[in-house]
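Trainee: Structure provided below as structure tokens; questions to follow.
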Amino acid sequence: NFTKQFIDTLPHDKMLLLNQRSISDYNALDLQVQAIKQIADHHPEIAQRILFIIWQGNNFDKIIYNRLTKFIQDNSLGSIIKIVLHPYLPESDVAYIIKRMDIIVNLVYHDQLSKSIIETMYFQKQGLLSDIEPYRIFNDKYQTQFNLVKLNINSIAEEIIRLFYLWEKGEKDEDLLNKRKVVVEEYFDLSTNADKFDKLINKLYSEYVRKM
């Protein structure tokens, strides 16, 4: 099946970054691929050991897809950046794919509170998150200590390099990763805390709107 075939193609000697936030205009994909190019230009030894995966997602913008594809081809980045077009996948398959990744990317221009961030925390993965108001509120409220990143090429490239060196050394803050998982289990488990989840999301969003 698709998921098994995809997993089987993934290298074991590279840091795997997954952006599963759809190929759409709210996802800062142009900045992300330019950041990867900057790493390839100035740190080719790092670029050779990362694979940046862009997931088609549910909201697929063909114009953005064509632009990204051309940029990747024009700059010979095909071995570093991979755009994955995929069929509908059940939640269990998505979870299996996330477990295989090292970094989950949420570099977006705007958001409320994405399921992708909850998955990042639950599966105890490193997160690459943009420095936007909803994420600041979330970080502060639950003390999740995500290193939020400014949406510019240099900042994104620098954070990927920082995460690479942590990955290369095998360094993980297990206590922090576990703390994030506990937050999900306590507040964001939809099967057991649906009402609490709904109230918290609405509260966080209300706080965000008031600060706009």
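The values are calculated or read from the model by the stated rules, or taken from the named source; none is laboratory data. Fair warning: this is a prediction, and the values are worked out from it, not measured in the lab. Using ideal geometry, Cβ is built from the backbone for each residue, glycine included, and neighbour counts are taken over all protein chains shown. To get the accessible areas, we keep the full protein, side chains included, count just its heavy atoms, and leave off ligands, DNA and RNA. Shrake-Rupley method; radii C 1.70, N 1.55, O 1.52, S 1.80 Å.
Trainee: For the list (1) within 18 Å of the chain's Cα centre (by Cα); (2) outside any loop (DSSP other than H, G, I, E, B); (3) buried (at least 20 other Cβ atoms within 10 Å of the Cβ), I need the number of the one condition that Arg21 fails.
Mentor: So Arg21 meets the others, but not (2).
Trainee: Looking at segment 139-162 only, could you name the residues that are touching a strand residue (DSSP E or B) at 6+ places or on another chain (Cβ under 9 Å) and either open to solvent by less than 70 Å² (accessible area, probe 1.4 Å) or modelled with pLDDT under 95 (or both)?
Mentor: Within segment 139-162, Asn139, Thr144, Phe146, Leu148, Val149, Leu151, Ser155, Ile156, Glu159, Ile160 qualify.
Trainee: Name the single residue that is least open to solvent (accessible area, probe 1.4 Å) among those in segment 129-138 being touching a Ser or Thr at 6+ places or on another chain (Cβ under 9 Å) and outside any helix (DSSP H, G or I).
Mentor: Checking each candidate, the answer is Leu129.
Trainee: Of everything in segment 128-171, what is of a type in the set (S, T, N, Q) and over 17 Å from Ile39 (Cα atoms)? Give them in sequence order.
Mentor: Selection gives Ser130, Asn139, Gln143, Thr144, Gln145, Asn147.
Trainee: Among the candidates Tyr165, Tyr135, Tyr109, which residue alone is in contact with a strand residue (DSSP E or B) (Cβ under 9 Å, 6 or more places away or on another chain), closer than 24 Å to Leu29 by Cα and without any contact (Cβ under 8 Å) to a residue 40 or more places away in the chain?
Mentor: One residue alone meets the criteria, Tyr135.
Trainee: Going by the structure shown, is Tyr26 under 27 Å from Tyr135 (Cα atoms), open to solvent by 20 Å² or more (accessible area, probe 1.4 Å) and either without any contact (Cβ under 8 Å) to a residue 60 or more places away in the chain or not hydrophobic (A, V, I, L, M, F, W, C) (or both)?
Mentor: yes
Trainee: Identify all residues within segment 70-89 that are exposed (fewer than 15 other Cβ atoms within 10 Å of the Cβ) and in a helix (DSSP H, G or I); write none if there are none.
Mentor: If the condition is that a residue be exposed (fewer than 15 other Cβ atoms within 10 Å of the Cβ) and in a helix (DSSP H, G or I), then Lys70, Gln73, Asp74 are the ones that fit.
Trainee: Now, a different point. Can you confirm whether segment 97-105 contains a residue that is modelled with pLDDT of 90 or more, open to solvent by 20 Å² or more (accessible area, probe 1.4 Å) and more than 22 Å from Ile156 (Cβ to Cβ)?
Mentor: yes
Trainee: Next question. Taking segment 43-67, which residues are in a helix (DSSP H, G or I), without any contact (Cβ under 8 Å) to a residue 40 or more places away in the chain and under 21 Å from Tyr165 (Cβ atoms)?
Mentor: If the condition is that a residue be in a helix (DSSP H, G or I), without any contact (Cβ under 8 Å) to a residue 40 or more places away in the chain and under 21 Å from Tyr165 (Cβ atoms), then Pro44, Glu45, Ala47 are the ones that fit.
Trainee: Determine which member of the set Lys70, Lys115 is without any contact (Cβ under 8 Å) to a residue 24 or more places away in the chain and under 17 Å from the mean Cα position of the chain (by Cα).
Mentor: Lys115
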